[in-house]
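Worksheet: the structure to be examined is printed underneath.
Every number in this text was worked out from the coordinates using simple rules, so none of it is lab data. Values in this document were obtained by computation on a predicted structure and should not be read as measured data. Heads up, the Cβs are rebuilt from the backbone with ideal geometry, glycines too, and the neighbour counts pull from every protein chain shown.
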Amino acid sequence: MQDAPEAGPVSPEDGPPPRRRVAMLARLVGIQLTAAMIVLGIPPLTPALRDEFGLSRAGAGLLMTAAFLGVVAASWPAGRVVNAVGVRRSMLWACVGLGASLAMTGLASSYILVLLALFVVGVFYSPVTPATNAGVVAWAQVGFRTRAMAIKQMGVTAGAAVSAALIPLLITRFGWRSAAAIVGAIVIVVGVFSAFWFQRPPAARSVKRGGPLENRPLVIVLGIAALLLLFVQHCVSTHYILALQDEGVALVVAGAALSLLQASATGARYGWAWLADRFLGGNAALALLVLSASSAIVLAVMTVFDGARSPALAAVFLGATTQAGNGLIQLVLSDAGGAAPASSTGLGMSLGFSGTVIGPPLFGLLADTWTYRSSWIALSAVALAAGGLTWWATRRLHQ
């Protein structure tokens, strides 16, 4: 049961039946959810790692950086691998590698070994986005593509929400090392099950390989926009729980707030895509511009609002804005590559994931040097830049 690497979008007239499309999209969501449980399970592990190894805020931020440094290093080659061997095989190996490498993190005896293990986690995460994006492009019906990509990306925040709720409880009961092993085992079982039953559309089974990457310069520009977007997202998701703890909020309560932030983002990703399809003619770039402006406003409000007084309210608004743009930027990147959505995603996200590498430690360094308030206002400006650059590049693409 082999699958071709990539295929074009499915038309409503001659595509597979709706139930088949829904089943395949559900499997892609399952892959994205389980992969996110690993990579976005790092923030709820961070307080325990900070206590064990005596880390500063900047040092704690480097934990997420180590993982996404692996993603950055491997994303462009991973996109080409997906293009060559197919979606299903790529996802199978990614799930096994992700679960095993997180479990190995629990064996690390020093901070350096933890960073190395998390780098390996990032390497195995790198095929997930190109593979699942190519799967969505192949199966999504014309007129539903923005929402289909958003639904797939909802798996990211859903997985993060599961980890944010589950990992602190596991740490409290078993310790962080056992928690890492348990989550790794869950991901291997659920992820492999989802990937094994994925198939490509019948119309694509004669396709041997994806077409050449198109619009490379604009894909690079969009990759920089993705960098800024993910810079904001991962600064918030990494440091929000630490900021709450610094204000005296208990770990379990802070973890619950982080879980609520991700749950809010999960619903908002579909909501923004629905708005794009319903009111903006499927214009994902314009929707992202509006979303980025909303993120900037919420982040600016964080400079005068004490999140520790109402962590749930802050989590809802931060999740609905700063964490909600992934489906939009992924669709823009996939479309920019023409006949090679996995390759354009791989190239764009090799730049985009750099935001997760440099963002959390810079945010933490600014907070160590000044205050969290300074960091929030800086993120507000970055959010505006992400939306503006995406809008400009997309207009150039269609000229």
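Numerical summary
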item: In order through segment 112-127: 3J(HN,Hα) via Karplus (6.51 cos²θ - 1.76 cosθ + 1.60), integer Hz, x for Gly, Pro; result: 4, 5, 4, 4, 5, 5, 5, 4, 5, 3, x, 4, 6, 6, 4, x
item: Cα-Cα separations in the chain greater than 38 Å, expressed as whole percent; result: 12 percent
item: Separation of alpha-carbon centers, segment 90-121 and segment 267-309, rounded to whole Å; result: 33 Å
item: Computed [θ] at 222 nm, helices only, for the chain once each DSSP H run of length n ≥ 4 contributes -39500 (n - 2.57); result: -27000 deg cm²/dmol
item: Highest-first arrangement of 180-188, 322-330, where packing means the average Cβ count within 10 Å; result: 322-330, 180-188
item: Global form of segment 223-323, assessed from the alpha-carbon gyration tensor, a/c cut-off 1.5; result: prolate
item: With Cα atoms, 0 to 90° folded angle of helix 341-352 axis to the chain main axis; result: 20 degrees
item: Equivalent ellipsoid, segment 74-223 (semi-axes from 5 times Cα gyration tensor eigenvalues, Å); result: 31, 18, 15
item: Crossing angle, helix 284-301 versus the chain [Cα axis fit, 0-90 degrees, rounded to tens]; result: 10 degrees
item: Scattering profile of segment 150-280 at q = 0.11, 0.13 Å⁻¹ [log10 I(q)/I(0), Debye over alpha-carbon scatterers]; result: -0.62, -0.83
item: Inverse mean reciprocal Cα-Cα distance (Kirkwood Rh) of segment 353-397, Å; result: 11.7 Å
item: Gyration tensor (Cα) of segment 106-194, equivalent ellipsoid semi-axes in angstrom; result: 31, 16, 11
